[in-house]
Ligand code: HEM
């Protein structure tokens with residue numbers, strides 16, 4: 001029904017003014033919203049946490065402190081209850097039921113995300129032949145991590161040296177996340193578009209800013225977000241007239257277009273003897289029928305890159321930054337991590353010569369203490385002493401940072417668990433390793449925030465090691 005309404009509003013009726021469109025959309029959405037609220041009623045058995053104001057529900061209390069909200073509600077209502085937040089009745093389940101929920105075939109975080117953000121509409125031009133990203137990543141990135149590692153490590157070093165290379169003694173960075181973002185964007189691009197195109201400044205800029213640009217447009221939704229259906233209508237309106245992805249898609253088209261054309265021509269002419277480039281760009285070309293015209297292939301691929309960049313760059317940047325701040329806050333553990341690194345890299349150099357400073361994929365995998373530190377750093381886990389920061393908690397426990405479980409839902413779980421997590425963890429481990437081996441990381445203004453919901457901010461000081 002919602003689609004029908006959207007077709008009516010945005011399809012053939014664009015001869016009416018945008019105010020009329022919006023006015024009509026608002027009335028319809030409010031009606032839909034009220035109908036849904038009525039249907040959500042008290043049919044289900046789990047208790048609904050009471051709230052004072054309709055539409056707002058418990059949104060503000062929840063946003064102020066979700067952990068406290070859940071703790072208080074669990075004490076009152078047990079491990080399953082419903083809350084009315086952000087325009088929806090949502091069911092909260094405790095640890096005992098999480099596995100049943102997340103392994104259910106119908107549970108899909110990304111689909112749920114579509115309910116609040118209509119990314120498909122934003123990327124509608126390339127939708128018809130959109131890539132199966134999870135499959136693309138599982139088949140082409142994860143099994144090739146070993147081959148991709150040297151270029152990733154090289155790019156990470158190159159980018160780090162651009163920021164820190166000239167430092168004599170120490171430097172204080174007001175916003176170190178920008179450096180991390182640059183490192184991730186450059187390293188990921190070498191895998192996504194290959195070792196030549198990854199030097200293209202426009203592509204790197206787009207990789208860095210597209211998520212924030214989209215986020216900024218979503219901020220315009222403001223309180224309309226309390227009414228999900230209206231919010232989706234509003235997004236479609238926004239994306240029709242000022243699509244935040246359009247200029248970035250144009251950049252990717254411009255950057256990759258000539259290369260796509262060249263590769264398609266060479267593949268056609270040289271057949272089996274063609275030296276197939278190894279990167280995701282080529283994997284995306286191979287997924288499409290070879291008789292499609294090159295401009296169409298470029299357009300489709302550029303849309304696919306938007307989704308790939310959206311899923312990977314911001315998430316990895318945020319999580320690497322969290323670890324960096326945790327290293328500053330728990331400096332007492334750094335020497336042990338450095339000792340581990342030294343031992344593992346010495347073996348690595350012998351195993352895979354030619355890899356920068358011994359940072360081979362195997363060596364990175366072997367850094368078990370660092371791995372455990374990564375899994376521990378967010379302090380939201382559930383163990384016998386969840387309140388205590390114990391960075392070696394998972395050493396020798398067969399619980400690597402890429403291993404999902406009910407005690408570690410950072411990458412989701414079940415059928416749709418993040419397919420990029422192996423790549424992400426390897427990038428994060430490498431970034432923090434190469435920074436901490438060269439610099440002491442100190443937080444000039446200590447703070448306790450290390451949660452992903454409330455990411456740490458503020459300056460970090462990098463002091464050159466002897
Ligand atoms: C630390 C970094 C990352 C975090 C925290 C993260 C987190 C997540 C989460 C929570 C999901 C939803 C899982 C679910 O529905 O159960 C997801 C899905 C996804 N992620 Fe990641 N991710 C990260 C990095 C990456 C990277 C580097 C890539 C690509 C190379 C990627 C690609 C994807 C894709 C394609 C999906 C959709 C999976 C599906 O629908 O089946 N992610 N990610």
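None of the figures in this text is laboratory data; all of them are computed from the coordinates on show. Note that this is a predicted model, so its numbers are computed, not measured. For neighbour counting, all protein chains shown are included, and Cβ atoms are generated from backbone atoms with ideal geometry for every residue, glycine included.
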- Message: Sort 366-372, 247-253 by the packing proxy (mean of other Cβ within 10 Å over each peptide's residues), most packed first.
- Response: 366-372, 247-253
- Item | Relative contact order (%) - the stretch 86-222, alpha-carbon pairs under 8 angstrom, separation at least six | 17
- Quick one: pull the percentage of alpha-carbon pairs in the stretch 253-295 with a separation above 16 Å. 30
- Least to most buried among 432, 210 (fewest other Cβ within 10 Å first): 210, 432
- Mean Cβ-within-10 Å packing, highest first, puts peptides 388-401, 413-426 in the order 413-426, 388-401
- Message: Please report, in whole Å³, the volume per residue of the convex hull around the C-alpha atoms of the stretch 49-202.
- Response: 232
- Query: Of 196, 356, how do they rank once you tally other Cβ atoms within 10 Å and put the fewest first?
  - Reply: 196, 356
- Quick one: go through the stretch 228-252 and flag any residue whose amide nitrogen is under 16 Å from the point 7 Å out along the Cα-to-Cβ line of residue 115. 228-233
- Query: Counting alpha carbon pairs within less than 8 Å and at least 6 residues apart, what relative contact order, in whole percent, applies to the stretch 44-93?
  - Reply: 43
- Note on the structure: Here FRET efficiency (C-beta to C-beta, residue 96 to residue 223, R₀ 22 Å, nearest 0.05) is 0.05
- Message: What are the extents of the Cα atoms of the stretch 44-93 along their three principal axes, in Å, largest first?
- Response: 25, 24, 15
- Query: Points 7 angstrom from Cα along the Cβ direction at residue 80 and residue 276: gap in nanometres?
  - Reply: 4.8
- Message: How big is the stretch 56-133 along each principal axis, measuring the range of its Cα positions in Å and listing the largest first?
- Response: 49, 29, 16
- Task: Highest first, please rank the peptides 235-245, 183-193, 278-288 by the mean number of other Cβ atoms sitting within 10 Å of their residues.
- Result: 183-193, 278-288, 235-245
